[in-house]
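Right, one structure below, let's go through it.
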Amino acid sequence: MASKIPRTVKAVDTNQLLQLDAEAVACGLNRHHGVEWLTKYADPTATHYLHPALVHRLDHRPEHSPHWRCMLLLIVRGGGQVFSLLDVLPASFDSLPENLNAETKKEIIHKLNYEGLPTQAEWDDHNG
């Protein structure tokens with residue numbers, strides 16, 4: 001399995017996000033939200049964005065290593081934007097369509113890195 005991280009951003013709808021999160025839980029990956037949390041708080045009509053940030057390995061889960069630790073721009077109910085992380089298997093990430101133009105990808109990466117979005121934990125403290 002390749003360990004070179006893709007330098008891209010992919011858009012996912014809430015159903016795809018729920019599937020990726022459930023897969024992370026089932027595989028014992030560290031970064032996930034839990035389907036119950038996402039069902040309760042993620043905007044069901046929104047588009048969310050995944051940007052692989054680093055290669056992550058689990059010695060106790062070699063069958064799921066390496067995988068991508070993705071920065072996630074999560075849209076919550078009410079339209080708020082939250083920064084979070086989600087571990088995604090490479091094959092699952094690769095199967096997502098490349099449907100964003102270069103400018104949109106650049107904007108999403110800038111937002112994730114520099115715009116001071118609240119983290120999921122911070123958002124939970126104020127809204128959960």
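The values are calculated or read from the model by the stated rules, or taken from the named source; none is laboratory data. All figures in this text were calculated on a predicted structure; none of them were measured in a lab. All Cβ positions, even for glycine, are placed from backbone atoms using ideal geometry, and neighbour counts span all protein chains on display.
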Seminar exercise, completed: Per the filter on segment 86-108, residues buried (at least 18 other Cβ atoms within 10 Å of the Cβ) and either assigned to a loop (DSSP other than H, G, I, E, B) or touching a strand residue (DSSP E or B) at 6+ places or on another chain (Cβ under 7 Å) (or both) are Leu86, Asp87, Val88, Leu89, Pro90, Phe93, Ile108
Problem set entry | segment 2-22 - residue that is part of a loop (DSSP other than H, G, I, E, B) and more than 12 Å from Phe93 (Cα to Cα) and, of those, modelled with the highest pLDDT | Lys4
Seminar exercise, completed: Flagged pairs (Cβ under 8 angstrom, 6 or more apart or on separate chains; first in segment 109-128, more than 15 Å from His33 (Cα to Cα); second buried (at least 17 other Cβ atoms within 10 Å of the Cβ) and among the hydroxyl-bearing types (Ser, Thr, Tyr)) are Leu112/Tyr49; Asn127/Tyr41
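Do we find a residue being modelled with pLDDT of 95 or more, part of a helix (DSSP H, G or I) and buried (at least 20 other Cβ atoms within 10 Å of the Cβ) anywhere in segment 52-65?
From segment 52-65, those modelled with pLDDT of 95 or more are 52; that's our starting set.
Pick out the ones that are also part of a helix (DSSP H, G or I) and you get none.
Taking every residue of segment 52-65 in turn, none turns out to be modelled with pLDDT of 95 or more, part of a helix (DSSP H, G or I) and buried (at least 20 other Cβ atoms within 10 Å of the Cβ).
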